[in-house]
Amino acid sequence: EDQVTQSPEALRLQEGESSSLNCSYTVSGLRGLFWYRQDPGKGPEFLFTLYSAGEEKEKERLKATLTKKESFLHITAPKPEDSATYLCAVQARGGATNKLIFGTGTLLAVQP
Amino acid sequence: NAGVTQTPKFQVLKTGQSMTLQCAQDMNHEYMSWYRQDPGMGLRLIHYSVGAGITDQGEVPNGYNVSRSTTEDFPLRLLSAAPSQTSVYFCASSPTRTAEKLFFGSGTQLSVL
């Protein structure tokens, strides 16, 4: 069964303290892995898509990487405005390729 | 550009009542979908559509109906509300049928008493 596990569930950082969020996945052939950011009371906002092991994507202080078993979202020198829940999702190759399996997210709090 | 618009933002129902959650997008996206988000669980797909007149079931379709008569609108109907349907509902659209890069609405918080 396709599955996504995110860790940690919650993470508290001081402003400027770099860290990484983990997304482990089990899927019968990965078509794509997606990262979203969700602010309280709002819908998720797309960040990155990764398709193959070794691929990396960057946006401001965020960098997403992908291996055959997991993805990391690296946050460099975070600011309080980076506080949000970060969601990971995978899409399997074959079958209904438009279905995403979401993880439960990592709640990130960055304190000034 | 409004993007994906959901109404209402909040709703309280009694068990057995029916209602429709509205979703509209102005980006001419082919793909539209409904998700529910519950504490401790990831977003789960309820129903989706890859174009006008085409709908299909997702992971948790029971108790919900959808239709897609236009490209812009994708309403979600609760036939007979149950407490288990208390959740936050998100509508999402994508420019591709493979649902890459979803654009989400701001959500509807539904409580069923």
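A few points about this structure:
- Test: residue in segment B:60-75 that is within 14 Å of chain A (Cβ to nearest Cβ), within 19 Å of A:Thr104 (Cβ to Cβ), of a type outside the set (Lys, Arg) and in contact (Cβ under 8 Å) with a residue 12 or more places away in the chain: yes
- Every residue from segment B:1-44 that is part of a loop (DSSP other than H, G, I, E, B), in contact with a strand residue (DSSP E or B) (Cβ under 7 Å, 6 or more places away or on another chain) and in contact (Cβ under 8 Å) with a residue 60 or more places away in the chain: B:Gly3, B:Pro8, B:Lys9, B:Thr15, B:Ser18, B:Met27, B:His29, B:Glu30
- Matching residues, segment B:77-113, being at the interface with chain A (Cβ under 9 Å from one of its Cβ atoms) and assigned to a loop (DSSP other than H, G, I, E, B): B:Thr96, B:Arg97, B:Thr98, B:Ala99, B:Glu100, B:Lys101, B:Leu102, B:Gly105, B:Ser106, B:Gly107
- Restricting attention to segment A:1-51, the residues being more than 14 Å from chain B (Cβ to nearest Cβ) and modelled with pLDDT of 95 or more number 13.
- Per-region count, segment A:58-112, residues loosely packed, with under 13 Cβ neighbours inside 10 Å, assigned to a loop (DSSP other than H, G, I, E, B) and within 14 Å of chain B (Cβ to nearest Cβ): 3
- Restricted to segment A:1-57, and to residues there that are among the hydrophobic types (A, V, I, L, M, F, W, C) and free of Cβ contacts under 8 Å to residues at least 60 places away in the same chain, the residue that is surrounded by the fewest Cβ atoms within 10 Å (Cβ to Cβ) is A:Ala53.
- Any hit, segment A:87-101, residues being closer than 15 Å to A:Asp39 by Cβ and not small (Gly, Ala, Ser): yes
- Criterion applied to B:Phe90, B:Phe74 was being at pLDDT 95 or above, aromatic (Phe, Trp, Tyr), under 10 Å from the mean Cα position of the chain (by Cα) and closer than 30 Å to A:Gln6 by Cα, and the one residue passing it is B:Phe90.
- Checking every residue in segment B:31-51 against the condition of being among the hydroxyl-bearing types (Ser, Thr, Tyr), more than 30 Å from A:Glu9 (Cα to Cα) and away from chain A (no Cβ under 11 Å) gives zero matches.
- Screening the candidates A:Ser83, A:Ser20 for the property of being touching a His at 6+ places or on another chain (Cβ under 8 Å), over 26 Å from B:Gly58 (Cα atoms) and among the hydroxyl-bearing types (Ser, Thr, Tyr) yields one hit, A:Ser20.
- With respect to (1) closer than 22 Å to A:Gly103 by Cα; (2) of a type in the set (S, T, N, Q); (3) buried (at least 17 other Cβ atoms within 10 Å of the Cβ), the lone exception for B:Ser49 is condition (1).
- Test result for B:Ser49, out of contact with any strand residue (DSSP E or B) (no Cβ under 9 Å at 6 or more places or on another chain) and either charged (D, E, K, R) or in contact (Cβ under 8 Å) with a residue 24 or more places away in the chain (or both): no
- Enumeration of residues in segment A:68-112 that are within 30 Å of B:Ile54 (Cα to Cα) and β-branched (Val, Ile, Thr): A:Val90, A:Thr97, A:Ile101, A:Thr104
The values are calculated or read from the model by the stated rules, or taken from the named source; none is laboratory data. Treat the numbers as computed from the prediction; the structure is a model and nothing was measured. Glycine gets a Cβ as well: all are built from the backbone with ideal geometry, and neighbour counts include every protein chain shown.
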